[in-house]
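Accompanying notes for the structure given below.
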Amino acid sequence: MKIGRRTFLRSTGVLLGSGALTLETVNATGSDEITILTDEHSVSHVYADDLYGMAFANGYVQARDRLFEMDVLRHIGYGNSAEVLGPSQLQSDIEVRRDLYSKREIKRQYETASDRTQRVLEAFADGVNRKMVELAASGQLPGTFTALAHAPAPWTPADSIAVLSYLIGYFGVSGGNELANAQELAQLTQSLDDERSAYEAFGDRNWLRIREDHSTSISAEDLTVDGGEEVLPYEDVPDEQLRFVDAALDAEPWGIENDFSLSDFLSGLRRGEEAGSGVMEGFKWGSNALIVSGEHTETGSPMLGGGPQMGYFKPPVIHQVGLHGAGYDVTGIGVVGTPGIVIGRTPEFAWTVTSGRDDQVDTIAVELHPEDKHRYKWDGEWHSMQTETVVHNASVVGSIVSGDPDVRVVKQEIARIEENGDVMPVIAWNSDERVAWCQRTTTRYQELEGAFMWADLGTRDDLDGFKDQISEFPFTFNFHYIDSEDIAYIHTGSVPDRNPSLDHRLPAPGSDHQWRGKRVGLGLQTSYTNPSSGYVVNWNNGPCAGWRAGDAPQQWGSTHRVELLDRFTRSALAAFTPRRQTNHRASRNARRKRTLHRPSPHRCRAHEQRRTASSDGGRTPNVETAWIRVARCE
């Protein structure tokens, strides 16, 4: 889209003169002049005529606002943050290096990416580096670099991949609770002194399929699906699977020296409720959302309220920005360290996102060779693991700054099982029982492609284009969409069709583990447009009746926090009476013609900071009051 920059700047002349906005022009090599308009809240709107210039400016303003945070996040993504921040980061680094990627693997993701993706990442990095040089030349680099005796290295495209791999590859994937579940079942067996009774009691906490009385985002009348997973009767569970349950009770982390204990071993095994550690402690994807159709609003237009929840951080891991030109006309929030916008609005539609929490990780138990722990049995034959030793050196300065003088050097052996093209990190083992556990993830190596599917939603024009953009999106999220006429709920992920002869709450024996295929993106068939209720609420509850609940204990049961939001919403809608009848579509079209090429920075910022907002800026007091009441109850 070609932005009429002169026309736009003339229209904002009064605001510029009053000091409410600041104007900056930047020249990027090989690109036309870039305009950056920044308001009094330091929210910038970027205007560029080509893709390189747009991504360059995106990186430029992000480095201006969040350079130190960007640097921290890339080190976390590489699994070497203790070298900068001290020993408090060791647990995070160990988990990242175990579960995610080496620098070599990150580089390979970049090399195999599309030309467009590479171009955007390169331009973003160039913009970051331009601003970094300017800050250094003027003595304005964040003081934390000096305090930590740490000079920031130039930003590279791989750095953005490291960040997004951590934030979407770790927190955009759920499941992998099987080993912790096996430990719980083994403890129940010891307490009840009867395996069958323990198995039945275990079923009271973990049920695989959404409970019939669970409050789903789409009603059973509108959508009921076949989730495809059921709890097996005790007598049908394979003996070998139950044997590995007994071994789980004494499982230990793989590859960590004996005198180093993870603060919470199960935090590395329960991937259904991912949470960061170290400086990211408390971080997790959560969020709530409300979308209401136009028939229930004062303006006659659909309304959206988004409450992204990622823990309490200052600054947060999101960054407000507007991108205008080169196919974009979108404002909202992006993720620090990466280009694009993940929640926002265009002149045509708005969207917000919550976590989906589908089970996308399987834990597999393998028998180890009696004399060599690096050899395992698969399909009746002995195979060798791929191993690598990593040394984690905690920064002396970082330990002093953080108040933790316990400087550590920790050795970690990373082991991977590679079978049929899948790379599966080894997470734990029982040396006495000669058993190890590895994890297979449906989304491995898909973080970069998936992140760009998400970040480019703002280039689409309507609901069909929006759905098409994430039709193959493999990470587990709920997208909530509104435009001038429709509301839509889209639940995405990548879930496997598993071996029906196993209990999928427990580790699968390597000899029996199999995926017969995957359901991905819209293929989950857990999405719906214009529900009969006229609204959708979500607070990380299940998408629809019949869908699988995964392997996390007590997930999507008979009582859920979303009922609070649903109750307030229904109460507000029941009391609502439309105040006027006008030709809303005609007035919306008229406004759209006036604003399509001259997006208002103030309107954009209001949307980003919204509790509620309609697609044309209108508000509905009754529903807004309900939303605020729910927020206060969190």
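General remarks:
- Taking other residues whose beta carbon is less than 10 angstrom from the beta carbon of HIS75, and scoring Lys, Arg as +1 and Asp, Glu as -1, yields -3.
- In this structure, GLN525 and ILE400 have a Cβ-Cβ separation that, at R0 = 45 Å, corresponds to a calculated FRET efficiency of about 0.25.
- Size of segment 360-471: Rg and Dmax of its alpha carbons, in Å, are 20.9, 61.
- Förster-model FRET efficiency, 30 Å R0, ALA201 and SER431, C-beta, rounded to 0.05: 0.55
- In terms of its Cα atoms, segment 285-428 spans 73, 48, 32 Å along the principal axes, sorted from long to short.
- Simple label model, 7 Å out from Cα along Cβ direction - VAL225 to GLN554, nm: 2.6
- Point-to-point label distance, ASN393-TYR445, nm (Cα→Cβ direction, 7 Å offset): 3.2
- Directionally averaged shadow of segment 74-183, computed from the convex hull of its alpha-carbon atoms, nm²: 8.7
- Computed Rg/Rh of segment 492-532, alpha carbon atoms with Kirkwood Rh: 1.16
- Violating pairs (Cα-Cα greater than 28 angstrom) within the set LYS103/LYS373; LYS103/LYS131; LYS107/LYS373: LYS107/LYS373
- Gained length - ALA153 relative to GLN514, 0.36 nm times residue gap less alpha-carbon distance: 125.6 nm
- Estimated FRET transfer efficiency (ARG561, ASP213; beta-carbon r; R0 25 Å; 0.05): 0.95
- By a 1.4 Å probe calculation restricted to protein chains, HIS319 has an accessible surface near 10 Å², given to the nearest 10.
- Interatomic Cα distance distribution for segment 476-588, bins of 5 angstrom, percent: 2, 9, 14, 17, 17, 12, 10, 7, 5, 3, 2, 2, 1, 0
- Highest-first arrangement of 466-474, 190-198, where packing means the average Cβ count within 10 Å: 466-474, 190-198
- The ellipsoid that matches the Cα gyration tensor of segment 143-258 has semi-axes, each √(5λ) in whole angstrom, of 40, 26, 13, with the longest given first.
- Separation in nanometres of the label points that stand 7 Å from Cα toward Cβ, at ASP464 and GLU111: 4.1
- Figure note: ARG97, ARG408 ranked by solvent-accessible area, largest first, 1.4 Å probe, ligands and nucleic acids not counted: ARG408, ARG97.
- Kirkwood hydrodynamic radius (C-alpha pairs) into Stokes-Einstein, segment 131-193, 20 °C and 1.002 mPa s, D in µm²/s: 131
- Calculated log₁₀ intensity ratio I(q)/I(0) where the Debye formula runs over C-alpha points of segment 423-513, q = 0.15 Å⁻¹: -0.74
- Shape call, segment 50-139: gyration tensor on alpha carbons, a/c limit 1.5: oblate
- Here the gap between SER42 and ARG104, fully extended at 0.36 nm per residue and compared with their Cα-Cα distance, gives a gain of 18.7 nm.
- Segment 322-426: relative contact order in percent, alpha carbon pairs under 8 Å with at least 6 residues between: 13
The values are calculated or read from the model by the stated rules, or taken from the named source; none is laboratory data. Source: prediction; values computed, not measured. A quick note on method: Cβ atoms are made from the backbone with ideal geometry, for glycine too, and the neighbour counts reach across all protein chains shown. Note: areas computed on protein heavy atoms with side chains; ligands, DNA, RNA excluded. Shrake-Rupley method; radii C 1.70, N 1.55, O 1.52, S 1.80 Å.
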